[in-house]
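Asks: This is the structure I have questions about; it appears just below.
The values are calculated or read from the model by the stated rules, or taken from the named source; none is laboratory data. Bear in mind the structure is a predicted one, so any value in this text is a computation, not a measurement. No Cβ is skipped: glycine too gets one built from the backbone with ideal geometry, and neighbour counts run over all protein chains shown. SASA here: full protein model, heavy atoms, side chains in, ligands and nucleic acids out. Shrake-Rupley method; radii C 1.70, N 1.55, O 1.52, S 1.80 Å.
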Amino acid sequence: MNEPLPPRIAVYAGSFDPLTLGHLDIIERGARIFHRLVVGIGINPDKDALFTVEERLKLITSSVADYDNVTVESFEGLTVNFAERCGAVVMLRGVRTLSDMEAEFTMSLANRALTPEIETMFLMASEKYSHISSSLIKQIAKMGAASNTQRLRKFVPEPVIDPLLAKFNESRSES
Ligand code: ADP
């Protein structure tokens, strides 16, 4: 007979700039599948981010407060190395479109070559969130079109709304 499986830990990594309802949906579903889910904020110094890593850490932590088996961390370097450090057996990804899938496919092959013992698993985005991306939210932010709470509620979790509005106001008062 096979040995009982050890607790399954998954890492869900991304930029989360900012966390969206689409991300949160993947987190909620992942938390039901795995014993523990670590949300990893990848630090990419080459990318211009709207929120600092510390801000994102805080916003995601408040957004996942209801899930006992979800933790949030930031990391530098390769996601596979972070996943290894977390003791993860799975790197979880969300896919929205075929073009997402193309990029994800290449990345998962590269990751498998680096760390064959960690599998990449994909969850299809939920239909109601599949149009949502952090970059869309940032675009709306730039246009100043979403500067009210009601509209933002369709895109981002509650704890993200006020800080996002504050960013719009910051950029408006700077211009
Ligand atoms: P990255 O910089 O790694 O693309 P993101 O923060 O944009 O980081 O996304 C992190 C993960 O969440 C990726 O696997 C991405 O495909 C997935 N994702 C992004 N938006 C959604 C959404 N609306 N529904 C489901 N998954 C999503």
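Asks: Looking only at residues in region 102-111 that are open to solvent by less than 80 Å² (accessible area, probe 1.4 Å) and free of Cβ contacts under 8 Å to residues at least 12 places away in the same chain, which one is farthest from residue 80 (Cα to Cα)?
Replies: That would be 103.
Asks: Quick one: would you say residue 73 is closer than 21 Å to residue 22 by Cα and exposed (fewer than 13 other Cβ atoms within 10 Å of the Cβ)?
Replies: No; evaluated as a whole, the condition is false for this residue.
Asks: Does region 61-71 contain any residue that is among the aliphatic types (A, V, I, L, M), at pLDDT 95 or above, in contact with a strand residue (DSSP E or B) (Cβ under 6 Å, 6 or more places away or on another chain) and more than 23 Å from residue 139 (Cβ to Cβ)? Don't jump to the end; show me each part of the working.
Replies: Start the filter on region 61-71 by keeping residues that are among the aliphatic types (A, V, I, L, M), which leaves 64-65, 70.
If we keep only those that are at pLDDT 95 or above too, we end up with 64-65, 70.
From what's left, in contact with a strand residue (DSSP E or B) (Cβ under 6 Å, 6 or more places away or on another chain): 64, 70.
Still in the running and more than 23 Å from residue 139 (Cβ to Cβ): 64, 70.
Within region 61-71 (the criterion being among the aliphatic types (A, V, I, L, M), at pLDDT 95 or above, in contact with a strand residue (DSSP E or B) (Cβ under 6 Å, 6 or more places away or on another chain) and more than 23 Å from residue 139 (Cβ to Cβ)), the answer is yes, since at least one residue qualifies.
Asks: Which residues, taken from region 112-145, are touching a residue at least 12 places away in the same chain (Cβ under 8 Å), of a type outside the set (A, V, I, L, M) and surrounded by fewer than 14 Cβ atoms within 10 Å (Cβ to Cβ)?
Replies: Correct list: 117, 131, 142, 144.
Asks: Would you be able to say whether some residue in region 125-145 is touching a strand residue (DSSP E or B) at 6+ places or on another chain (Cβ under 9 Å), away from the ligand (no atom under 15 Å from the Cβ) and within 24 Å of residue 156 (Cβ to Cβ)?
Replies: no
Asks: So, in region 138-168, of the ones that are modelled with pLDDT under 90 and closer than 30 Å to residue 108 by Cα, which residue ends up nearest to the chain's Cα centre (by Cα)?
Replies: 138
Asks: Would you mind listing the helices (runs of 4 or more DSSP H) fully within region 1-115 where at least 1 residues are within 12 Å of the ligand (Cβ to nearest atom) and either under 21 Å from residue 164 (Cβ atoms) or among the hydrophobic types (A, V, I, L, M, F, W, C) (or both)?
Replies: By residue number, 21-33, 53-63, 98-114.
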